[in-house]
Amino acid sequence: MQKKFHFRNVIILVIVSFYITSIYAGSPHPKTLKKPKNIIFLIGDGMGTAQIYAALTIQKDKLNIAKFKVVGFHKTYSANDFITDSAAGATAFSTGNKTKNGYLAVDTNKKVLPTILELAEEKGLSTGLVASCAITHATPAAFIAHESSRDNYEDIAPWFLKTDIDVFIGGGKKYFENRTDKRNLSDSLRKRNYQIIYNLDDLYTITKDKVAGLLYNNHPPSILEGRGKMLEKSSTKAISILEKNKKGFFMMIEGSQIDWACHSNAEDTLISEMIDFDNVVGMVLEYAKKNGETLVVVTGDHETGGYTLPNNNIKDGKLKGKFSTANHTAVMVPVFAYGPGAEEFMGFMENTDIFFKFRKLLLGY
Ligand code: MG
Ligand code: ZN
């Protein structure tokens, strides 16, 4: 009797271990690594579920974002509003704090909050920011600047000299070089051994490991106005510089103009910006697959436009959506993750949780 009982336990144990192994074999990270060496964080500004599904429909069911196996949702509300703006939204990701709309990496009392980029830099990792807007605009700025107004671009630009960021590429040259205080911040950057580049072709002349890409005087044009592969090429180059650091890197890439298209209720612009962003996601996923030590997280800071898709056809790629507002909305936003640590991003979370997960996985606390 006693012997039989033991035998049954062994059988159960074998079945359970086979079950666990099979779950593990299908797990979304390529190796059995738990902690990533690098994090690439992609933010589609204003990108909610309908924006993603619109791109999926236009692409006849083929989208890089649709390849992720780990999906969660986050709550986007800010400290003082049911509906966040991009400054408070990015501050939640960059610092783990809900702040007031308009604030960049400061709390509701305007106290400076360290960002994940600054903390990574302190630990000796390389860091980068790439955006399809002026690099001083709210989303990238919340990772490096500490200001209580997102609108003072000339006050935001000097923060790029206060952190030892390795690569930043976007627009916004005039906030560095044509300032009311007559300072030339690019000269100061050169003194710190940065190579300054002013157009996309200059990407291929880069010899230094510190790069400031000020590719447009203010914002880059939209895709429909001729931005081309600016975001993908800049991000690819930035990764190739950052990955030289044996300790790892943190970088944020923003598809900035999805939001602007939705504010204008311009569906064609929205679709082209979504596809541009998805192409960058595809490039990053390819990199992460080969690299094996990189966590990729894709999300939006909030939804814009109250966009919805009443009557479409995914097989024909036909689409005509509807916007219900010219502003942001409060709906929850999806989070997608791939690579070591990806499972952390399953389920329903606060936008601020993304910071704490990044810090724990990348910096160990
Ligand atoms: Mg933005
Ligand atoms: Zn917006």
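The values are calculated or read from the model by the stated rules, or taken from the named source; none is laboratory data. This one's a predicted model, so the numbers in the text were calculated from it and none came from an experiment. Here the Cβ is made from the backbone with ideal geometry for all residues, glycine too, and neighbour counts use every protein chain on show. Only protein heavy atoms, including side chains, enter the accessible area calculation; ligands, DNA and RNA are left aside. Shrake-Rupley method; radii C 1.70, N 1.55, O 1.52, S 1.80 Å.
Key figures for this structure:
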| quantity | calculated |
| --- | --- |
| Any hit, the range 122-130, residues being free of Cβ contacts under 8 Å to residues at least 60 places away in the same chain, farther than 30 Å from Gly306 by Cα and in contact with a helix residue (DSSP H, G or I) (Cβ under 6 Å, 6 or more places away or on another chain) | no |
| Among the residues listed as Ile39, Ile65, the single one being part of a helix (DSSP H, G or I) and either among the acidic types (Asp, Glu) or in contact with a Leu (Cβ under 9 Å, 6 or more places away or on another chain) (or both) | Ile65 |
| Qualifying residue in the range 285-293 (condition: away from ligand 1 (no atom under 16 Å from the Cβ), under 27 Å from Asp85 (Cα atoms) and of a type outside the set (S, T, N, Q)) | no |
| Residues that are outside any helix (DSSP H, G or I), away from ligand 2 (no atom under 16 Å from the Cβ) and over 20 Å from Ala288 (Cα atoms), drawn from the range 44-62 | Gln59, Lys60, Asp61 |
| Complete set of residues in the range 243-275 that are under 16 Å from the mean Cα position of the chain (by Cα) and away from ligand 1 (no atom under 14 Å from the Cβ) | Phe249, Phe250, Met251, Met274, Ile275 |
| First in the range 185-203 and in contact (Cβ under 8 Å) with a residue 40 or more places away in the chain, second anywhere and part of a helix (DSSP H, G or I) and surrounded by 15 or more Cβ atoms within 10 Å (Cβ to Cβ), Cβ under 9 Å, 6 or more apart | none |
| Residue check, Glu293 open to solvent by 10 Å² or more (accessible area, probe 1.4 Å), within 19 Å of the chain's Cα centre (by Cα) and charged (D, E, K, R) | yes |
| Residues satisfying the stated conditions in the range 40-52, i.e. more than 16 Å from ligand 1 (Cβ to nearest atom) and closer than 15 Å to Thr304 by Cβ | Thr49, Ala50, Ile52 |
| Unique residue being in contact (Cβ under 8 Å) with a residue 24 or more places away in the chain, in contact with a strand residue (DSSP E or B) (Cβ under 7 Å, 6 or more places away or on another chain) and in a helix (DSSP H, G or I) when the list is Val281, Val297 | Val281 |
| Any hit, the range 89-96, residues being within 16 Å of ligand 2 (Cβ to nearest atom) and either among the β-branched types (Val, Ile, Thr) or open to solvent by 10 Å² or more (accessible area, probe 1.4 Å) (or both) | yes |
| Evaluation of Lys360 against (1) part of a loop (DSSP other than H, G, I, E, B); (2) free of Cβ contacts under 8 Å to residues at least 24 places away in the same chain (one fails), failing number | (1) |
| Options Ala266, Ala238; residue that is among the small types (Gly, Ala, Ser), at pLDDT 95 or above and under 30 Å from Phe323 (Cα atoms) | Ala266 |
| Contacts under 6 angstrom Cβ, first residue in the range 147-175 being without any contact (Cβ under 8 Å) to a residue 40 or more places away in the chain and at negative phi, partner among the β-branched types (Val, Ile, Thr) and crowded, with 17+ Cβ neighbours inside 10 Å, 6 or more apart | Tyr153/Thr136; Ala157/Thr136; Trp159/Ile144 |
| Check on Gly172, under 23 Å from the mean Cα position of the chain (by Cα), more than 16 Å from Glu232 (Cα to Cα) and small (Gly, Ala, Ser) | yes |
| So Met274, is it assigned to a helix (DSSP H, G or I), within 16 Å of ligand 2 (Cβ to nearest atom) and modelled with pLDDT of 95 or more | yes |
| Unique residue being out of contact with any Pro (no Cβ under 6 Å at 6 or more places or on another chain), within 14 Å of Ala138 (Cα to Cα), outside any helix (DSSP H, G or I) and away from ligand 2 (no atom under 16 Å from the Cβ) when the list is Thr108, Thr99 | Thr99 |
| Hits in the range 110-165 - residues which are within 16 Å of ligand 1 (Cβ to nearest atom), hydroxyl-bearing (Ser, Thr, Tyr) and open to solvent by 30 Å² or more (accessible area, probe 1.4 Å) | Ser149, Tyr153 |
| Residue that is farthest from ligand 2 (Cβ to nearest atom), among those in the range 319-337 that are over 14 Å from Cys262 (Cβ atoms) and open to solvent by 50 Å² or more (accessible area, probe 1.4 Å) | Lys320 |
| Qualifying residues in the range 291-325 (those that are touching a helix residue (DSSP H, G or I) at 6+ places or on another chain (Cβ under 8 Å) and β-branched (Val, Ile, Thr)) - the one farthest from Asn265 (Cα to Cα) | Thr294 |
